[in-house]
Amino acid sequence: MGARDDWRRVRAIAWKDLTTERRSKAGFNGVVALGVTILVLFGFALGPEAATLRQSAAGVLWLAVLFASVLAFNRSYQVELESGALDQLLLYPGARWTIFTGKLVANLVFVGLLMTIVLTVGAILFHVDIPTRWAELLLILVLGAVGVVTLGTFYGAMASRSRAREVLLPLLLFPMLVPVLLAAMQASKALLVGDLMSEAGAWVRLLIAYDLIFVAATHLAFGAILEG
Amino acid sequence: MTVTAASLPSTVAVPRPGRWPLVGVFALLFLVAAQVTAVMISVPDRDMGHLQKIMYVHVPAAWITFCAFFVVAICSLKVLWKGGERDDLLAASAAEVGAVFNALTLMLGMIWGKPTWGVWWTWDARLTSTLVLLLIFIGYLSLRSFIDEPERRAKWSAAVGVLGAINVPIVYLSVRWWRTLHQVQSAPSTLDPAYTLGLRLNAFAFLFVMIYLVRRRYEAAALVRAAERADESLALGGR
């Protein structure tokens with residue numbers, strides 16, 4: 001029962017979820033299409049002036065990714081609810097948190113792919129130029145995604161097993177994500193349209209702190225909510 | 001069959017009202033007296049005039065909101081730690097009362113803000129994070145109402161309560177970095193002595209009202225749980 005066994009469990013769960021997604025593809029395609037549709041709608045709300053679009057691009061792109069990925073979090077557990085798969089999963093020996101970590105990793109890959117497509121399309125639609133500090137931007141994207149996916153995977157475990165899951169997940173998740181979204185949007189915006197106050201660094205530190213706190217807290221609490 | 005409290009199979013003793021209605025009467029009278037005293041003894045403020053008097057409801061309501069949220073956090077931690085229906089019901093009661101005071105804080109603040117700042121709403125750190133806190137409360141309460149199974153409801157809402165409590169200071173910090181405009185928080189130390197007594201009295205008055213409301217809500221929640229249990233055991237053909 002060492003760390004190596006835990007790691008193998010995490011990998012097995014993540015691989016299982018990703019294989020399910022890869023074989024059906026319909027889920028991923030739908031979520032990506034939704035993300036792009038949201039971008040177009042935001043374009044109608046804010047456009048068509050190029051300067052305005054560029055100014056608001058950071059916020060819009062993050063929101064499009066958020067709205068689309070919420071669907072992924074519910075899906076992640078929906079597959080477990082069919083024909084008692086979750087009960088089977090619980091019968092396997094080993095620590096409960098490995099199930100959470102596995103799902104977290106799978107969702108990260110899912111949302112990472114989603115972001116690659118949605119952000120590329122968004123950069124074109126909203127006239128975003130790739131900034132010179134692209135490596136920092138990439139870091140912000142990763143940190144923001146980790147924050148969103150950690151809480152999304154955690155609350156998804158509850159919402160998907162309740163009545164009215166479509167309402168409940170965003171209702172629980174969005175207020176909790178206020179710091180991540182604020183930090184990620186402001187830091188990305190600073191890098192995209194000019195970091196006058198050189199504030200991006202402070203936001204990145206906030207993102208790191210948020211991610212560490214909530215990755216730890218969700219792992220600790222997951223055992224309690226899985227069996228309930 | 002009449003269901004009496006004594007005949008119910010229950011892990012948590014169904015609380016009796018006892019003298020609590022009297023506490024309610026006392027809390028109400030104390031509140032009225034504190035309000036009247038505060039309004040009578042405070043001279044009109046140099047800048048705000050009589051508008052200042054809204055402080056005697058707005059500021060205590062804000063304190064009580066945080067008191068209630070603190071109760072939710074502590075009870076939720078205890079539920080996660082060792083389970084327990086009592087803490088679960090207490091957390092739920094405190095969350096409901098807290099949400100009401102939270103909404104009250106925001107509305108009273110708006111009524112004060114319109115003549116003072118000229119706008120109903122401004123995206124200041126304290127305002128915005130109080131609104132986010134209300135949304136977290138609402139999420140917590142909706143989760144509870146969407147889950148029927150008591151054990152599961154207790155565990156899940158406890159997790160949501162603890163994570164929400166962890167998040168409150170982070171939300172505040174992030175929104176403060178984003179922008180800020182609110183005047184320095186009112187506390188007895190930042191206040192002209194003429195207003196201190198009124199504020200203190202009303203803080204206690206609100207505290208009594210909160211304790212009373214949480215207690216009565218807890219009684220109601222415990223009765224509902226007991227009734228659910230009775231239904232269950234009847235359906236199972238038990239006692």
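Summed over segment A:175-201, the residues that are open to solvent by 30 Å² or more (accessible area, probe 1.4 Å) and either among the small types (Gly, Ala, Ser) or more than 10 Å from every other protein chain (Cβ to nearest Cβ) (or both) give a count of 9.
Each row is one residue, and each column tells you yes or no for (1) without any contact (Cβ under 8 Å) to a residue 12 or more places away in the chain; (2) assigned to a helix (DSSP H, G or I).
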{"position": "B:Lys114", "(1), (2)": "yes, yes"}
{"position": "B:Trp123", "(1), (2)": "no, no"}
{"position": "B:Leu133", "(1), (2)": "no, yes"}
{"position": "B:Gly164", "(1), (2)": "no, yes"}
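Taken over segment B:101-144, the criterion of being among the β-branched types (Val, Ile, Thr), buried (at least 18 other Cβ atoms within 10 Å of the Cβ) and either more than 14 Å from chain A (Cβ to nearest Cβ) or out of contact with any helix residue (DSSP H, G or I) (no Cβ under 7 Å at 6 or more places or on another chain) (or both) is satisfied by B:Thr105 alone. Here is a list of conditions, (1) open to solvent by 30 Å² or more (accessible area, probe 1.4 Å); (2) within 12 Å of chain B (Cβ to nearest Cβ); (3) touching a residue at least 40 places away in the same chain (Cβ under 8 Å), and A:Arg205 meets all of them except one; can you say which number that is? Unmet for A:Arg205, out of (1) open to solvent by 30 Å² or more (accessible area, probe 1.4 Å); (2) within 12 Å of chain B (Cβ to nearest Cβ); (3) touching a residue at least 40 places away in the same chain (Cβ under 8 Å): (3). None of B:Leu90, B:Leu77 is within 23 Å of B:Arg152 (Cβ to Cβ) and either surrounded by fewer than 17 Cβ atoms within 10 Å (Cβ to Cβ) or within 14 Å of another protein chain (Cβ to nearest Cβ) (or both) except B:Leu77. As a summary of the residue check, A:Ala159 satisfies the conditions (1) at pLDDT below 90; (2) hydrophobic (A, V, I, L, M, F, W, C); (3) open to solvent by 10 Å² or more (accessible area, probe 1.4 Å) except for the one numbered (3).
The values are calculated or read from the model by the stated rules, or taken from the named source; none is laboratory data. Since the model is a prediction, treat every value here as computed from it, not as a measurement. Neighbour counts run over all protein chains shown; Cβ positions are idealised from the backbone, glycine included. When the accessible area is computed, the model is the full protein with side chains, heavy atoms only, and any ligands, DNA or RNA have been set aside. Shrake-Rupley method; radii C 1.70, N 1.55, O 1.52, S 1.80 Å.
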